[in-house]
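The values are calculated or read from the model by the stated rules, or taken from the named source; none is laboratory data. Everything numeric here is computed off the predicted structure, so don't read it as measured data. Positions of Cβ are backbone-derived with ideal geometry, glycine not excepted, and every protein chain shown enters the neighbour counts. Note: accessible area is taken over every heavy atom of the protein model, side chains too, but ligands, DNA and RNA are not part of it. Shrake-Rupley method; radii C 1.70, N 1.55, O 1.52, S 1.80 Å.
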Amino acid sequence: MLEVMNKYSIVMNKYFLFTVAMLAFIACGNKTANSSNLQDSTAVADSVSGVGSSDLWSEDAVESQVRKMYARLNDMDKRGIVSISLLDKEFCTGYFNGLKQNIEKHDANAMGDNRFYGDEEGYRWMHGKMPLTIESVKVELLTGNMANATVRFATKNGGSNEITLEMWLENGQWRVNNFIDTKAFGKNGFIGMMERYARDNNIPFEAGEESAEGSTPSTADYDVSVRTTDLDSEKPRYEAIIRINGKTVQVAEGYTEGYPQDMLKSFGNVWQADVNFDGYDDVLISLGLEPVSDQVFKLYDAWIYNPNDGKFHKSPTFRDICNPEIDAKKKRILSHYVARDGHTKVYSAHYWQRDGSIQEMGDSWTK
């Protein structure tokens, strides 16, 4: 029933009968929080997704969506018509569908082995005999808009297989961005194969990926989604996908230090705030928590908006400010640490310089 793909799908065929239906959720289109002050990581889940987000930001909500997706697949099979395109549109992220659409356009004009998809590529959703029976769903909440769901399926012979789905919270719904099976798709999963194929064939990563035309838009029109990777490495990475009107205009990449896993809980959370006081909102990416002595510091990368080129440029020094707070009235950035008594906060003030650097100036004070 399942068809072989082109030269990229040869890798998958070897493992196909052992590969579970996989779904992943891309981080597309979540509105970030506009704020004059940085928020705790627990607040960002509510701020990025709008109404009802507190209910969505839970393991139960992710598991419920996973079961809903496979129930829909089983219902299609029962009716005798399984539409992979409909499943993708209903349950996958905008990023996934935009990339898939552009690859399909390329495939329509490609010859022979240079095609990514075969006539049917439903192996991502289906495994073995239908209907699919879910034994368990294990959910790991990662950042303010991203989670992993490892789904274990019962097989016909009494065994089981599993797949990990990268889920992204998008427009009030958990959606699949990546189907992860390292044996079948490699380290970066199915979305990694799609992106690699797109790069090799000069295929845009999203429909309408070219920069928006016309006058410079307000930064309020931008939305930002973040994907974190290499969480077990010495320097975990992030990719902040910046869009306007659904079109990708920039992918900002950075890294954090290899803090203990429990310190990376907020890594990838994103806010928009005017941190250099020029009237334009900038993008701040949480780098997690840095353990220092008897306390922890919140650290951020700041991507500063430049109205001249419409791009965001990373500040090389903002991440050195611990526990930053924005003081819009005095146009400065405050930082603090906790004194040895365990409760007194020691503050200092940082100011932007003409060259774009940030310098600490003046005496510190306690609060």
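In segment 354-367, is there at least one residue being touching a His at 6+ places or on another chain (Cβ under 8 Å), open to solvent by 30 Å² or more (accessible area, probe 1.4 Å) and over 29 Å from Tyr255 (Cβ atoms)? Within segment 354-367 (the criterion being touching a His at 6+ places or on another chain (Cβ under 8 Å), open to solvent by 30 Å² or more (accessible area, probe 1.4 Å) and over 29 Å from Tyr255 (Cβ atoms)), the answer is yes, since at least one residue qualifies. Kindly check whether there is at least one residue in segment 189-207 that is closer than 21 Å to Asp282 by Cα, at pLDDT below 85 and part of a helix (DSSP H, G or I). Scanning segment 189-207 turns up no residue that is closer than 21 Å to Asp282 by Cα, at pLDDT below 85 and part of a helix (DSSP H, G or I). Modelled with pLDDT under 85, under 19 Å from Arg227 (Cα atoms) and not in a loop (DSSP other than H, G, I, E, B) - does that describe any residue in segment 271-282? Scanning segment 271-282, I find at least one residue that is modelled with pLDDT under 85, under 19 Å from Arg227 (Cα atoms) and not in a loop (DSSP other than H, G, I, E, B), so the answer is yes.
Among the numbered criteria (1) in contact with a strand residue (DSSP E or B) (Cβ under 6 Å, 6 or more places away or on another chain); (2) among the charged types (D, E, K, R); (3) closer than 19 Å to Ile191 by Cβ, which one does Lys235 miss? Checking Lys235 against (1) in contact with a strand residue (DSSP E or B) (Cβ under 6 Å, 6 or more places away or on another chain); (2) among the charged types (D, E, K, R); (3) closer than 19 Å to Ile191 by Cβ, the one that fails is (3). For Ile321, the conditions (1) out of contact with any Asp or Glu (no Cβ under 8 Å at 6 or more places or on another chain); (2) more than 24 Å from Leu142 (Cβ to Cβ); (3) open to solvent by 60 Å² or more (accessible area, probe 1.4 Å) all hold with the exception of (3). Residue selection: Glu120 fails the criterion of being modelled with pLDDT of 70 or more, open to solvent by 20 Å² or more (accessible area, probe 1.4 Å) and either acidic (Asp, Glu) or closer than 21 Å to Phe185 by Cα (or both).
On inspection, Leu287 passes the criterion of being touching a helix residue (DSSP H, G or I) at 6+ places or on another chain (Cβ under 7 Å), among the hydrophobic types (A, V, I, L, M, F, W, C) and closer than 21 Å to Ala147 by Cα.
Mind listing just one residue for me: the one in segment 123-159 that is of a type in the set (Gly, Ala, Ser) and either buried (at least 17 other Cβ atoms within 10 Å of the Cβ) or under 29 Å from the mean Cα position of the chain (by Cα) (or both) and, of those, modelled with the lowest pLDDT? That would be Gly144.
For the structure I just gave you, tell me whether Asp341 is surrounded by fewer than 16 Cβ atoms within 10 Å (Cβ to Cβ) and either closer than 26 Å to Asp223 by Cα or small (Gly, Ala, Ser) (or both). The answer is no for Asp341. The residue pairs whose first member lies in segment 223-242 and is assigned to a loop (DSSP other than H, G, I, E, B), whose second member is of a type in the set (D, E, K, R), and whose beta carbons are closer than 8 Å, counting only pairs six or more residues apart or on different chains, are Asp230/Arg237; Glu234/Glu257; Lys235/Glu257; Pro236/Asp230. All conditions but one from (1) among the charged types (D, E, K, R); (2) at pLDDT 85 or above; (3) surrounded by fewer than 16 Cβ atoms within 10 Å (Cβ to Cβ) apply to Glu257; the one that does not is (2).
Is it true that some residue in segment 331-354 is assigned to a loop (DSSP other than H, G, I, E, B), more than 19 Å from Asp274 (Cβ to Cβ) and touching a Phe, Trp or Tyr at 6+ places or on another chain (Cβ under 9 Å)? So far as segment 331-354 goes, no, none of its residues is assigned to a loop (DSSP other than H, G, I, E, B), more than 19 Å from Asp274 (Cβ to Cβ) and touching a Phe, Trp or Tyr at 6+ places or on another chain (Cβ under 9 Å).
Are any of the residues in segment 278-290 over 30 Å from Leu99 (Cβ atoms), more than 15 Å from the chain's Cα centre (by Cα) and surrounded by fewer than 16 Cβ atoms within 10 Å (Cβ to Cβ)? Yes, segment 278-290 has at least one match. Taking every residue in segment 257-285 that is touching a residue at least 40 places away in the same chain (Cβ under 8 Å) and over 14 Å from Phe297 (Cα atoms) and pairing it with any residue that is open to solvent by 50 Å² or more (accessible area, probe 1.4 Å) and charged (D, E, K, R), at least 6 positions away or on another chain, the pairs with Cβ-Cβ distances below 7 Å are Phe277/Lys331.
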